[in-house]
1. At a 1.4 Å probe radius, which order do Asp358, Asp229, Asp313, Asp378 fall into by accessible area, largest first?
2. Report, in deg cm²/dmol and to the nearest 500, the calculated mean residue ellipticity at 222 nm for the chain, where each DSSP H run with n ≥ 4 adds -39500 (n - 2.57) and the sum is divided by the residue count.
3. Only four residue types carry charge here, +1 at the Cβ of Lys and Arg and -1 at the Cβ of Asp and Glu. Report the dipole size of the chain about the Cα centre in Debye, rounded to the nearest 20.
4. With all protein chains present, how much of the accessible area of region 387-448 (probe radius 1.4 Å) comes from carbon and sulfur, to the nearest whole percent?
5. Please list, in order along region 81-91, the HN-Hα scalar couplings obtained from phi with the Karplus expression 6.51 cos²θ - 1.76 cosθ + 1.60 (θ = phi - 60°), rounded to whole Hz, x for Gly and Pro.
6. Hey, any idea what % of region 221-311's accessible area is carbon plus sulfur with a 1.4 Å probe?
7. Which residue, Asn250, Ala192, Trp216, has the largest displacement toward the positive end of the dipole of region 185-334 when charges sit on each Cβ (Lys, Arg +1; Asp, Glu -1)?
8. What number comes out for accessible area per residue over region 23-174 if the probe is 1.4 Å? Units Å², please.
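The values are calculated or read from the model by the stated rules, or taken from the named source; none is laboratory data. Keep in mind it's a predicted model, so treat the numbers as computed, not measured. Every residue, glycine among them, receives a Cβ derived from its backbone with ideal geometry; neighbour counts consider all protein chains shown. Heads up: the accessible areas ignore ligands, DNA and RNA and are worked out on the full protein's heavy atoms, side chains in. Shrake-Rupley method; radii C 1.70, N 1.55, O 1.52, S 1.80 Å.
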Amino acid sequence: MSTEAAFRAGGEGYRRTRGYAGSADPYPDSGPPVRVEHDPFCVPPPNFAAAAPGTVIRSRTVKLAWFGRITQRMQAWQLLYRTSDRHGDAEVALTTVLLPYDAEPDLRRPLVSFQCAIDAVASTCFPSYALRRGARVFGAIPQLEFPLIAHALARGWAVSVPDHEGMRGHFGAGREPGYRTLDGVRAALDFAPLGLSAATPVGLWGYSGGGLATAWAAEVAADYAPEIDIVGAVAGSPVGDPAAAFVRLNGTMYAGFAAVYTAGLRRAYPELEALLAERLSPGFLRLLTEAESRATFPLLAKFARKNVDRHSDRGIAELVEQPQLRAIFDHIRPGATAPHAPMLILQAIPDEVIAVADVDALVARYRAAGAQVHYLRDRLALHLPLEFLGTPTMADWLDDRFAGQALEAPTTTDVWSVARGRRPAGGLRRFAAQVLRMMAARPIPYQR
């Protein structure tokens, strides 16, 4: 049975997949958003697994707002699409796709997939919820990153913002974020209102946890989605070695990242549950369960200075060397496969969250495998400031790839600041003006 025939067999399920083709929207944006676990829109038809990865199951128009309150004037839809987990089993995921305000479909328009640094397993932190008008969440990173998404729109690009952790918040899982990202791209390319095509050039972009998701998408693309024309990938401060970060952040002000990483891995790798139950105290296990319902910044405050050594009989160093956990860490460490598309990796040397040594090692692994990696290190910035200071630099690099400009030989370059120089400084001024327009709920001018 063909994919279309399979969906027709689903009756109403098939008709909803075609809602974007000119019929009335069966899921209009009406009131506050609903978390994915309670949203009927996110329930796939029984036969969805018969569809090819990236197939749009259904769509709806949505209104977006900065921090849930300041309505943004941009065109936005959400797509439920078929994708795969790490075992290759069919599942569904959501992506939010956008066009600039009053933009018309244009086959010449590039597409950027922006992977947010979700860094939580609570569904209120998924971009499909956190970016919606009326979202009730404090401390979700996608809300903080909204200006970067708007900056991509200001370049005239179409944008896909996938929930790359899936429906269950598999934060930290290996390869899965790549599959969901690439299938979100497939869905966007096939979604008629965006006006794109299979030949549309695609860029990947993300920072921190989103940088890691971007790295996974770049790694698996050649095998999983070879038909997508990925012209470049920008990974800002990706998590180069999750195991090393897990140990290093323990007991620090950023111990919450290790806690939520553990919470995500418990969901993605159920075999980990017995080991944690054996090695961690019941009190700490309860804290991990509590972490599953918290947004990122409140979670960081809750877990600041929490030390696993005080809640484990043998300490964290011994815990991470357990064969079960070591096998998982080996599986979720990026860098074993060379991305075919050129990459820009941006990293702060004094980064207090992601160690520069871990990113150096990731770059070395990619280059040893044959990847074309351009590595830019900032001598002054810290983790979060670099994301915003580096926004024009990262977008300019993608812009050059879309324009077909030739790349120089890959280098590792240390600069005092990515904001120095005429082009970055001019870009930052435009970025600041764009943020002011977002605050005033005004449309953002874009390149036509």
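1. In descending accessible area the options line up as Asp313, Asp229, Asp358, Asp378.
2. When only DSSP H runs of four or more count, the value is -11500 deg cm²/dmol.
3. Here the size comes out at about 1340 debye.
4. Working: 2000 of 3580 Å².
Answer for region 387-448: carbon and sulfur cover 56 percent of the accessible area.
5. Residue by residue, region 81-91 yields 9, 7, 9, 9, 8, 5, 8, x, 7, 5, 8 Hz.
6. C and S atoms contribute 56 percent here.
7. Positive-end residue among those listed: Asn250.
8. Values: 4980 Å² over 152 residues.
The answer is 33 Å² per residue.
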